[in-house]
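In what follows, a structure is listed as structure tokens, so that the remarks can point back to it.
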Amino acid sequence: MRGLGVSPGVSIGPAQVSDAGEIAVPDYRLEPEGIAAETERFDAAVALSLKQLRKLKGKAGTLPNAAAEEVGYLLDAHLAMLSNSRLVRGVRRRITEERMNAERGVQLEIAQIGESFAAMADAYLRARIDDIRVVGARLLRNLTKTPYSALAQMPEGSIILAEELSPADTALMDPRRIAGFATVLGGADSHTAIMARALNLPAVLGVAGLLGGLKPDATVIIDGSAGVVVIDPAPATVARYEARRDVIAEERRQLGRLRRLPAVTRDGTEVLLQANLELPREVQQAINAGAQGLGLVRTEFLYMNRPDLPDEDEQYETYRQLIRGMEGKPITIRTLDIGGDKLAGPFAAHFENEGGNPALGLRAIRLVLKERRLLDAQLAAILRAGVEGPVRILLPMISSLSELRLVRDAMLQTVRRLKRRGVAIADPLPPLGVMIEVPGAALAADALAGEADFFSIGTNDLIQYTLAIDRGDEQVAHLYNPLHPAVLRLIQFAIEAALRARIPVGICGEMAGDPRFTALLLGLGIRDLSMAPGNIARVKQRIRSLDIIAASQRARAVMDQVDEGRIASLVDDFNDVA
Ligand code: PEP
Ligand code: MG
């Protein structure tokens, strides 16, 4: 089966379907005044389940005919079970009449329907019991908002197959136990994909029909480079992929030799290569890969898979460990970027009533400016940790100068508060920079450059918002093109504004870690790239093979073009010869 190869490498192992995990079902009695809210909570879970099933059905339409029909019937059956069905009515009645919480109501109702089906003579109807249980599990997962907890305890060498995995689910995967994963839904630059690369887990997303007719413990091959999943492979196929796995391991060993060599072009231009960090355990990977610092610390990990918020002290301790772990190399901590496809546990309530467009909603800087205590705690923790080593503060999703000003005021207030309390803080204060990832910010880059201390270009969102392509949606993944002239012009515009204002400018989106784009980005004036640790060696190899003068000339030729195909050939031809 084919999908989007989002994290390279080959793994072979027994399949584990992730929603097989046990869901802890709470059981409590409602107060009479809580009944209306509980009914509403249950209805919201039903609505969400229906939405998920419709999305899966859309995806099933891309399967070959017979399979599309079969999967379509199955999903129709699941949809029917949630549309004013005996199940839904039964649970509502248990909530209102028996004052039972929704989860317990679902559990008992499913058990009761199961019993009545088991007594039926018709074998076809008896087989529907399984479908009802699957629908019940979906409802329970949506009600409890539990990630797939089983992911933390899978048997060693497992390959996870799932309908969809959130970045938080993925963060729970232990690469020593889990060999790789594949999902039905998800795009190549989704945060789940980024997390897979961070963990070095081969992964393929957006595989239609992945879960149809799967036998328990079937062997699965994941080829995250080619975007291929093979289920129940023949022995000869296994042997072929084992050989490929060995070749990839050897290539990685070869690249490892670059670790101590500088990132400098043939004509002597130095480039700063830093690592992006999703999870604290990557500090060691970053050091091993020869990263010169952490160019992007995504602090969302602090908020994932927990019901409460990390306080200032907990954050301070985490940042301090990161700074110490990096042995005096600079680190850039980005303030919380929750929202869009990065929903995290303690914020679920914020997003429950969100409209249909979370990528344009209360995400990132917008959320923390609304909930100021989040921003204040994070700024205080960073300022305090900055005593230990060089730190910069980076703001996500900035779309206008006023947001930067509000944050700077907040930072100065926090500084005064800490000083009054006699708490030691970074001196001088950390530089305050902005992500350029909203097209409006790129177009207003000259204004932002006047007040920001540095720029970091987030190409993942910049592409998403410029081209109106959901980065997490596999159905439009083929349109997600970093070489679209509109994207390149915005990048160029932002770089030039920064260079004119003499502030540092780097790239921390996924484009930075792809050697295909290295010559172009350097040619446009970039000297600072931050990427998944696993990409550093390959990008360094490309830099060491380059001539900066030739790269600048080629970048100019590229920027003169408006045709996407022509731009791609100019980029690829240059990579082939130079
Ligand atoms: C980006 O948008 O390019 C980026 C680096 O931020 P994130 O991927 O975390 O949204
Ligand atoms: Mg972003």
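The values are calculated or read from the model by the stated rules, or taken from the named source; none is laboratory data. Computed from a prediction, not measured in an experiment: that's the story for all the values here. Using ideal geometry, Cβ is built from the backbone for each residue, glycine included, and neighbour counts are taken over all protein chains shown.
Looking at region 443-472, I want the residues that are at pLDDT below 95 and have a partner that is within 13 Å of ligand 1 (Cβ to nearest atom) and of a type in the set (Asp, Glu) with Cβ atoms under 6 Å, at least 6 apart or on another chain. Which pairs are those?
Here the result reads 471/189; 472/341, each pair linking region 443-472 to a residue that is within 13 Å of ligand 1 (Cβ to nearest atom) and of a type in the set (Asp, Glu).
For residues that are within 16 Å of ligand 1 (Cβ to nearest atom), among the polar types (S, T, N, Q) and outside any loop (DSSP other than H, G, I, E, B), tally how many sit in region 176-200. Working first, answer last.
Here is the first cut: in region 176-200, the residues within 16 Å of ligand 1 (Cβ to nearest atom) are 186-199.
Among the residues that remain, those that are also among the polar types (S, T, N, Q) are: 190, 192.
Checking the rest, the ones that are also outside any loop (DSSP other than H, G, I, E, B) come to 192.
Residues in region 176-200 being within 16 Å of ligand 1 (Cβ to nearest atom), among the polar types (S, T, N, Q) and outside any loop (DSSP other than H, G, I, E, B): 1 in total.
Going by the structure shown, is residue 238 assigned to a helix (DSSP H, G or I) and in the same structural domain as residue 206 (by TED's automatic domain parsing)?
On the way: assigned to a helix (DSSP H, G or I): yes; in the same structural domain as residue 206 (by TED's automatic domain parsing): yes.
Judged against the criteria, residue 238 is a match.
Can you pull out every residue in region 520-542 that is part of a helix (DSSP H, G or I) and out of contact with any Asp or Glu (no Cβ under 9 Å at 6 or more places or on another chain)? Show your work before the answer.
Within region 520-542, the subset part of a helix (DSSP H, G or I) is 520-523, 533-542.
Result: 520, 521, 522, 523, 534, 536, 537, 540, 541, 542.
Kindly check whether there is at least one residue in region 355-367 that is modelled with pLDDT of 90 or more, within 21 Å of the chain's Cα centre (by Cα) and farther than 23 Å from residue 464 by Cβ.
Looking through region 355-367, none of the residues is modelled with pLDDT of 90 or more, within 21 Å of the chain's Cα centre (by Cα) and farther than 23 Å from residue 464 by Cβ.
Residue under question is residue 320, and the condition is that it be in contact (Cβ under 8 Å) with a residue 12 or more places away in the chain, over 19 Å from the mean Cα position of the chain (by Cα) and not assigned by TED's automatic domain parsing to the domain that holds residue 423; does it hold?
Details: in contact (Cβ under 8 Å) with a residue 12 or more places away in the chain: yes; over 19 Å from the mean Cα position of the chain (by Cα): yes; not assigned by TED's automatic domain parsing to the domain that holds residue 423: no.
The answer is no for residue 320.
From (1) over 25 Å from the mean Cα position of the chain (by Cα); (2) touching a residue at least 40 places away in the same chain (Cβ under 8 Å), pick out the condition that doesn't hold for residue 484.
Evaluating residue 484 over (1) over 25 Å from the mean Cα position of the chain (by Cα); (2) touching a residue at least 40 places away in the same chain (Cβ under 8 Å) leaves (1) as the failure.
Could you tell me whether region 445-457 includes any residue that is within 13 Å of ligand 2 (Cβ to nearest atom) and crowded, with 24+ Cβ neighbours inside 10 Å?
Keep residues of region 445-457 that are within 13 Å of ligand 2 (Cβ to nearest atom), which gives 456-457.
From what is left, the residues that are crowded, with 24+ Cβ neighbours inside 10 Å are 456-457.
Within region 445-457, one or more residues are within 13 Å of ligand 2 (Cβ to nearest atom) and crowded, with 24+ Cβ neighbours inside 10 Å.
Tell me the residue from 371, 403 that is of a type in the set (Asp, Glu) and either touching a residue at least 40 places away in the same chain (Cβ under 8 Å) or within 16 Å of ligand 2 (Cβ to nearest atom) (or both), please.
It is 403.
What residue, of 182, 193, is under 15 Å from residue 11 (Cα atoms) and either modelled with pLDDT of 90 or more or out of contact with any Pro (no Cβ under 7 Å at 6 or more places or on another chain) (or both)? Working first, answer last.
Details: 193 fails: under 15 Å from residue 11 (Cα atoms).
Among 182, 193, only 182 is under 15 Å from residue 11 (Cα atoms) and either modelled with pLDDT of 90 or more or out of contact with any Pro (no Cβ under 7 Å at 6 or more places or on another chain) (or both).
Please verify whether region 208-221 includes one or more residues that are surrounded by 14 or more Cβ atoms within 10 Å (Cβ to Cβ), among the polar types (S, T, N, Q), part of a helix (DSSP H, G or I) and over 20 Å from the mean Cα position of the chain (by Cα). Give the steps one after another, and end with the answer.
Residues of region 208-221 surrounded by 14 or more Cβ atoms within 10 Å (Cβ to Cβ): 208-212, 214, 218-221.
From what is left, the residues that are among the polar types (S, T, N, Q) are 219.
Keeping just the survivors that are part of a helix (DSSP H, G or I) gives none.
No, every residue in region 208-221 fails to be surrounded by 14 or more Cβ atoms within 10 Å (Cβ to Cβ), among the polar types (S, T, N, Q), part of a helix (DSSP H, G or I) and over 20 Å from the mean Cα position of the chain (by Cα).
Any residue that is touching a Leu at 6+ places or on another chain (Cβ under 7 Å), modelled with pLDDT of 90 or more, over 22 Å from residue 211 (Cβ atoms) and surrounded by 12 or more Cβ atoms within 10 Å (Cβ to Cβ) - is there at least one of those in region 68-82?
Checked against the condition, which is being touching a Leu at 6+ places or on another chain (Cβ under 7 Å), modelled with pLDDT of 90 or more, over 22 Å from residue 211 (Cβ atoms) and surrounded by 12 or more Cβ atoms within 10 Å (Cβ to Cβ), region 68-82 yields no hits at all.
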